[in-house]
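Here is the structure we will look at, set down as structure tokens.
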Amino acid sequence: MLNIRIIPCLDVKNGRVVKGINFIDLVDAGDPVEQAKHYSENGADEICFLDISASLEERNTMINVVEKTANEVFIPLTVGGGISSINNIQSLLKAGADKVSINSAALHDPNIIKKSSEYFGNQCIVVAVDAKKNLNDWYVYSHGGTKNTGLYALDWIEKVEKLGAGEILLTSMDRDGTKSGFDIELLKKVSEFVQIPVIASGGVGKLEHFYEGVKDGKANALLAASVFHFNEISIKEVKDYLLSKKIKIRK
């Protein structure tokens, strides 16, 4: 297995980091550039920026925030939200992003995955999947988790891997912000189903949840927001804990 990465996620709306529960009831959590710089200096392996209202508002991602962050942060930066074309991706990479995360645009036109991975290399292309359980299966949601696409999550993930996605950013909407732990059942299904890395997202509330995400969920990377933003757990604490459990992490 690849060494595990710890990734703080900064959901950005109107130029501020926000955090909520189940994708709603958002509260302010700080300045995105300052937050990213803090995490970079304190052991984060990557930073993930998601402009959570860009698709809903039908606008492009916040290029100025990406440029400012890239000047302050020297670890990989993944940016998502509102990406709808190859030109968008090119602008973000030029502004300093190392990877882009595509969600709604890929659902609208799956060929953007194939085109962008061929043009920029699949190492740059992350496909974000927001999944929610209905009855006995998980469905994919788009536009910041507001629209049920009717697609089965595993079917969609299989398709995006074949189209050339380099990674899957898998968010359990049911667990998002609840601090009740990752949706291990979903995470394990996806991680064992694909050959590309899976980033686990949604539900971290304590150190044990990070371990469960790797040990039981088979994730390659662990993403969290609230526990980092509100100083409940530090990245160093996570890494020390995982090392104590014999989990190989990025140095």
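The values are calculated or read from the model by the stated rules, or taken from the named source; none is laboratory data. No experiment lies behind these values; they were computed from the predicted model shown. Note that we place each Cβ from the backbone using ideal geometry, even for glycine, and neighbour counts take in every protein chain shown. Surface accessibility is based on the protein's heavy atoms, side chains included, excluding ligands, DNA and RNA. Shrake-Rupley method; radii C 1.70, N 1.55, O 1.52, S 1.80 Å.
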Item to complete: State yes or no: is residue 50 modelled with pLDDT under 85, open to solvent by 70 Å² or more (accessible area, probe 1.4 Å) and assigned to a strand (DSSP E or B)?
Response: no
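Do you know which residues across the range 217-241 are of a type in the set (Phe, Trp, Tyr) and surrounded by 19 or more Cβ atoms within 10 Å (Cβ to Cβ)?
228
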Worksheet item: So residue 66 fits all but one of (1) open to solvent by less than 10 Å² (accessible area, probe 1.4 Å); (2) modelled with pLDDT of 95 or more; (3) of a type outside the set (Lys, Arg); what number is the exception?
Response: (2)
Worksheet item: All but one of (1) open to solvent by 20 Å² or more (accessible area, probe 1.4 Å); (2) of a type in the set (Val, Ile, Thr); (3) out of contact with any helix residue (DSSP H, G or I) (no Cβ under 6 Å at 6 or more places or on another chain) hold for residue 214; which doesn't?
Response: (1)
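Residue 6 - would you say it is within 20 Å of residue 230 (Cβ to Cβ), modelled with pLDDT of 85 or more and touching a Gly at 6+ places or on another chain (Cβ under 9 Å)? Walk me through how you get there before you give the answer.
Values: within 20 Å of residue 230 (Cβ to Cβ): yes; modelled with pLDDT of 85 or more: yes; touching a Gly at 6+ places or on another chain (Cβ under 9 Å): yes.
For residue 6, the condition - within 20 Å of residue 230 (Cβ to Cβ), modelled with pLDDT of 85 or more and touching a Gly at 6+ places or on another chain (Cβ under 9 Å) - is met.
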Fill in: Residues of the range 145-160 satisfying the condition of being touching a strand residue (DSSP E or B) at 6+ places or on another chain (Cβ under 8 Å) and either on the phi > 0 side of the Ramachandran plot or surrounded by fewer than 20 Cβ atoms within 10 Å (Cβ to Cβ) (or both)
145, 147, 148, 149, 150, 151, 152, 154
Practice prompt. Of the numbered conditions (1) touching a strand residue (DSSP E or B) at 6+ places or on another chain (Cβ under 7 Å); (2) at pLDDT below 95, residue 100 fails exactly one; give the number of that condition.
Written response: (2)
Worksheet item: Which one of 201, 244 is open to solvent by 10 Å² or more (accessible area, probe 1.4 Å) and under 15 Å from residue 48 (Cα atoms)?
Response: 201
Worksheet item: Quick check, is residue 174 within 17 Å of the chain's Cα centre (by Cα), in contact (Cβ under 8 Å) with a residue 60 or more places away in the chain and open to solvent by 50 Å² or more (accessible area, probe 1.4 Å)?
Response: yes
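Among the candidates 201, 180, 142, single out the residue that is in contact (Cβ under 8 Å) with a residue 12 or more places away in the chain, within 21 Å of residue 18 (Cβ to Cβ) and touching a helix residue (DSSP H, G or I) at 6+ places or on another chain (Cβ under 6 Å).
Going through 201, 180, 142 in turn, the sole match is 142.
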Response to the item:
Among the residues of the range 177-219, the number that are hydroxyl-bearing (Ser, Thr, Tyr) and within 18 Å of residue 243 (Cβ to Cβ) is 1
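Suppose the filter is more than 29 Å from residue 148 (Cβ to Cβ), modelled with pLDDT under 85, surrounded by fewer than 19 Cβ atoms within 10 Å (Cβ to Cβ) and acidic (Asp, Glu); does residue 31 pass it?
For residue 31, the condition - more than 29 Å from residue 148 (Cβ to Cβ), modelled with pLDDT under 85, surrounded by fewer than 19 Cβ atoms within 10 Å (Cβ to Cβ) and acidic (Asp, Glu) - is met.
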Item to complete: Only residues in the range 226-251 that are without any contact (Cβ under 8 Å) to a residue 40 or more places away in the chain count as the first member; pair them with residues that are part of a helix (DSSP H, G or I) and of a type in the set (Phe, Trp, Tyr), Cβ under 6 angstrom, at least 6 apart or cross-chain, and list the lot.
Response: 245/211
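I want to confirm something. Restricting to the range 116-148 and keeping residues that are assigned to a strand (DSSP E or B) and among the polar types (S, T, N, Q), which single residue is farthest from the chain's Cα centre (by Cα)?
Among residues in the range 116-148 that are assigned to a strand (DSSP E or B) and among the polar types (S, T, N, Q), the one farthest from the chain's Cα centre (by Cα) is 134.
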